[in-house]
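The values are calculated or read from the model by the stated rules, or taken from the named source; none is laboratory data. Small disclaimer: the values here were computed from a predicted structure and weren't measured. Reconstructed Cβ throughout: ideal geometry from the backbone, glycine too, with neighbour counts over all protein chains shown. Quick note on the areas: whole protein, heavy atoms, side chains included, nothing else; ligands and nucleic acids left out. Shrake-Rupley method; radii C 1.70, N 1.55, O 1.52, S 1.80 Å.
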Amino acid sequence: TFLGDWTAPNLTADSATGLGAVSDGEIARVLRTGVNREGRIALPFKDTYADMAEEDLVAILSYLRTLEAAPGVAPRKDINVLGRITLAYFLKPYGPKHPPVRERFAPEPTVAYGVYVANVTGRCESCHSPRNLKTGAFLGEPFSGGMPFRARLHPGTVYVSPNLTPDSATGVMARWSEEEFIARMREGARMADSPMPWGNYRRMTDTDLRALYRYLRSLAPVYRDNGPTVQTEEEFAQRR
């Protein structure tokens, strides 16, 4: 990230490097509030999970506890000066926007279910909205894209998240039929270091994807020209 480098933690039951010594409450806390096992503010990678239904949160905890212990890498971070300032003064704990519902939502190919898929389990808004790279705060219309991600395999290249609103001029959803959208999700990554979690979306059910498509198509169109998905850092800087 622009604030430093973080390693994904070991989620198995290993006590030395994983979740073996971490309580269910501590795992739930980081998902709901962004406060990590050390009692410190974490980067808002999981902020949309704050609104997860109680049954879904319990299901995640239950699944994690079934993973056998496997030696791995303990959480590590190499934070730059900007990152230290941000973590100390700008990032705050987050929380549910509304009181979390107890029961999980019944999967249906509807806009109502698509709201939950897009905003909670799918986390589309997190990467497909303009955000302050120092604090993670949202700066513009949700789902209008514009978030940059430095390419891991191609130095000097930036991937920019596209506009997911159905704007006829700048939104990708205006160009896809429902079947084309599902086919694209099933295809997976076209670039080896794409920041889009294609593997997760490929495993969604048709019901999930249809609900997601119908919700995104129901959004108010937002005109926001983010340029091509793949840009040089110079091109991205000129557009800002």
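Computed values, structure above
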| read-out | value |
| --- | --- |
| Share of carbon and sulfur in the accessible heavy-atom surface of region 1-141 [1.4 Å probe, %] | 59 |
| Student exercise, region 23-151 dipole from Lys, Arg, Asp, Glu Cβ charges, in Debye to nearest 20 | 640 |
| Kirkwood-Stokes translational diffusion coefficient of region 95-151, alpha-carbon pairs, 37 °C, 0.692 mPa s, µm²/s | 252 |
| Point-charge dipole on Cβ atoms (K/R +1, D/E -1) for region 120-234, about Cα centre, debye to 20 | 280 |
| Rg/Rh ratio calculated on Cα atoms of region 81-240 (Kirkwood radius) | 0.97 |
| Accessible surface, per residue, of the chain when the full set of protein chains is kept, probe 1.4 Å, Å² | 56 |
| Sparse-neighbour loop sites [trypsin sites (Lys or Arg not before Pro); region 8-114; at most 16 other C-beta within 10 Å; DSSP] | Arg37, Arg40, Arg65, Arg76, Lys97, Arg102, Arg104 |
| The chain - mean residue ellipticity at 222 nm from DSSP helices (-39,500 (n - 2.57) per run, n ≥ 4, rounded to 500) | -8500 deg cm²/dmol |
| Sparsely packed trypsin sites (Lys or Arg not before Pro) within region 134-209, loop by DSSP, other Cβ within 10 Å at most 16 | Lys134, Arg152, Arg190, Arg203 |
| The chain, dipole about Cα centre (Lys/Arg Cβ +1, Asp/Glu Cβ -1), debye to the nearest 20 | 480 |
| Filtered chymotrypsin sites (Phe, Trp or Tyr not before Pro), region 1-94: DSSP coil and at most 15 other beta carbons within 10 Å | Phe2, Phe90 |
| Listed residues Ala237, Asn36, Leu64: farthest to the positive end of the dipole of the chain (Cβ charges) | Ala237 |
